Amino acid sequence: MLSAIKSAIERIDILSKTKPITIISHFDTDGITSAAIFSRALQRWNKKFSVKILKSLEETHILALPEDNLLVFLDLASNSMRYLKNKKTDIFILDHHEITDEIPSNVTMINPHLYDKEPMSGAAVAYLFAKSLSPENKDLANLAVIGMVGDSLEKNLGRVYDEILRDSNTVIKKGLLLYPSTRPLDKALEYSSSMYIPGVTGSYLGVLELLRDANIQKTEDRYKSIHELTDEEMSRLITSIMLRMVGHDTTQEMIGNLYLVKFFNKLEDAREFSALINACSRMDNPEIALGFCLGNRKYIEQAEKVYIEYKQHLVSALRYVSETDKITGNHYAIINAKDRIKDTIIGTVASIISHSPAYPQGTIIVALAYNEDKIKVSARMSGKEGKNVREVLSKVVVPLGGEVGGHPNAAGCLILREQESQFIQELQKVLEVEPIKV
Ligand SMILES: [Mn+2]
């Protein structure tokens, strides 16, 4: 892959002398960090460029892209060959998604699927490009670590990520996956949105009781943060939490590696930064997320503000869901939020609900939210055992002309607004009839 990167660098160098570069990237954490790495590298290379951040890459977007520009796609486009082959300009794709069609002659593809298939994020591909361009770009490795946790690739790391973790001087520590692991433990536990601990999340009294049980005391005038705990303290804390989880959903990932990366001269929790970047994009501010990654002071402040707004939006979305009427039946609940919840967070809302004690294991949660003339549909399986939600959605959506993406326990799709009631009717039929596979 490195030699492919080297020749792509030479080609871009020549072509960019007559054409400016347009970067097109995805709006999630991995896409934003990819765009930050690539644009910083281009800036240091003295290239003219502009950046577009997209929620998803659709045919209409591709048609609208200027042909008097070089097009560089990051963290997307590997399955868009059928549209890209008609563009009359040179296209470069730095991506990690599967390539579904033959690569046309105007497209240069840098993608681990063409080589040893080593799992890496889009940001890792962008970083390898930047580092090949100049060793000066090694300071962008911390962004590639954020991209990695953004795409949840941390359990499957290979040689490339060993290198990135070294280049970024990331501190890795095994422990409780509650973030930010850099915040005093009492606050991190009380306000945790990454992990739900019954009786503790949202209750300061419950937090104090838990810390007493785990025999963790304040040092000086504050509690340690998770990454400061000794191994002993960490294991006592985990035991006390496990005892509170008895009889509750145990599918949440509780223990794993914490990644502490240096940002703006401080050690930060990669998961927290990933959540913040993601939040900005989902609140329709991807430019703030990008500016934050590039260390722009103005954007750092704005990003923190938007992150708080995002959490408030999420809390009110969850309240709305708990209070609103749902369509329920045999092991399922359908929540039609219409325009009350943003389409960009409906998937997160569905995930949180699927972990909540309100629904028994095996319940399928399907949540709908409007997205202009379309409806975003997110389906989740509560617990480990039950139907394949991706298959369930496909049975309903494929006859309607849609496509379903995702996995057996988390899937989603877009349908047209005019299909709303038909979709819900058909979905209910499928959910009522299907036997439960265990
Ligand atoms: Mn990605």
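The values are calculated or read from the model by the stated rules, or taken from the named source; none is laboratory data. These numbers come from a predicted model, not from an experiment. Cβ: placed from backbone, ideal geometry, glycine included. Neighbour counts: every protein chain shown.
Across region 190-218, the qualifying residues are those that are of a type in the set (Asp, Glu) and touching a residue at least 12 places away in the same chain (Cβ under 8 Å), and the one among them that is farthest from Ser235 (Cα to Cα) is Glu190. If the condition is being of a type in the set (S, T, N, Q), farther than 15 Å from Glu272 by Cβ and either in contact with a His (Cβ under 8 Å, 6 or more places away or on another chain) or within 16 Å of the ligand (Cβ to nearest atom) (or both), then region 153-201 contributes only Asn156. For Tyr359, the conditions (1) in a strand (DSSP E or B); (2) in contact with a strand residue (DSSP E or B) (Cβ under 7 Å, 6 or more places away or on another chain) all hold with the exception of (1). Identification of helices (runs of 4 or more DSSP H) wholly contained in region 89-173 with 3 or more residues that are among the acidic types (Asp, Glu) yields 159-167.
If only one of Asp95, Asp116, Asp186, Asp139 is acidic (Asp, Glu), outside the structural domain of Lys224 (by TED's automatic domain parsing) and buried (at least 17 other Cβ atoms within 10 Å of the Cβ), which one is it? Show your work before the answer.
Details: Asp116 fails: buried (at least 17 other Cβ atoms within 10 Å of the Cβ); Asp186 fails: outside the structural domain of Lys224 (by TED's automatic domain parsing); Asp139 fails: buried (at least 17 other Cβ atoms within 10 Å of the Cβ).
Matching residue, one of Asp95, Asp116, Asp186, Asp139: Asp95.
Whenever a residue of region 298-317 is farther than 13 Å from Ala279 by Cβ and touching a residue at least 60 places away in the same chain (Cβ under 8 Å), it has no partner that is exposed (fewer than 12 other Cβ atoms within 10 Å of the Cβ) and among the basic types (Lys, Arg) lying with C-beta atoms less than 6 angstrom away and at least six residues away or across chains.
Screening region 190-282 for helices (runs of 4 or more DSSP H) wholly inside it with 1 or more residues that are touching a strand residue (DSSP E or B) at 6+ places or on another chain (Cβ under 9 Å) returns the ranges 231-245, 270-282.
For (1) over 26 Å from Val397 (Cα atoms); (2) at pLDDT below 95, each residue gets a yes or a no:
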{"position": "Ile288", "(1), (2)": "yes, no"}
{"position": "Glu309", "(1), (2)": "yes, yes"}
{"position": "Gln312", "(1), (2)": "yes, yes"}
{"position": "Lys326", "(1), (2)": "no, yes"}
{"position": "Asn336", "(1), (2)": "no, no"}
{"position": "Ser356", "(1), (2)": "yes, yes"}
{"position": "Pro360", "(1), (2)": "no, yes"}
{"position": "Val366", "(1), (2)": "no, no"}
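Look through region 91-112, keep the residues that are of a type outside the set (S, T, N, Q) and within 13 Å of the ligand (Cβ to nearest atom), and return whichever of them is nearest to Asn69 (Cα to Cα). Across region 91-112, the extreme among qualifying residues is Ile93.
Scanning region 150-170 for residues that are aliphatic (A, V, I, L, M) and surrounded by fewer than 24 Cβ atoms within 10 Å (Cβ to Cβ) turns up Leu153, Leu157, Val160, Leu165. Residues in region 57-74 that are outside any loop (DSSP other than H, G, I, E, B) and either within 16 Å of the ligand (Cβ to nearest atom) or not assigned by TED's automatic domain parsing to the domain that holds Lys17 (or both): Val72, Phe73, Leu74.
When each of Ala41, Ala77 is tested for being within 16 Å of the ligand (Cβ to nearest atom), within 16 Å of Ala8 (Cβ to Cβ) and of a type outside the set (Ser, Thr, Tyr), the lone residue that passes is Ala77.
Would it be correct to say that Ser39 is modelled with pLDDT under 95 and among the hydroxyl-bearing types (Ser, Thr, Tyr)? So Ser39 fails the test.
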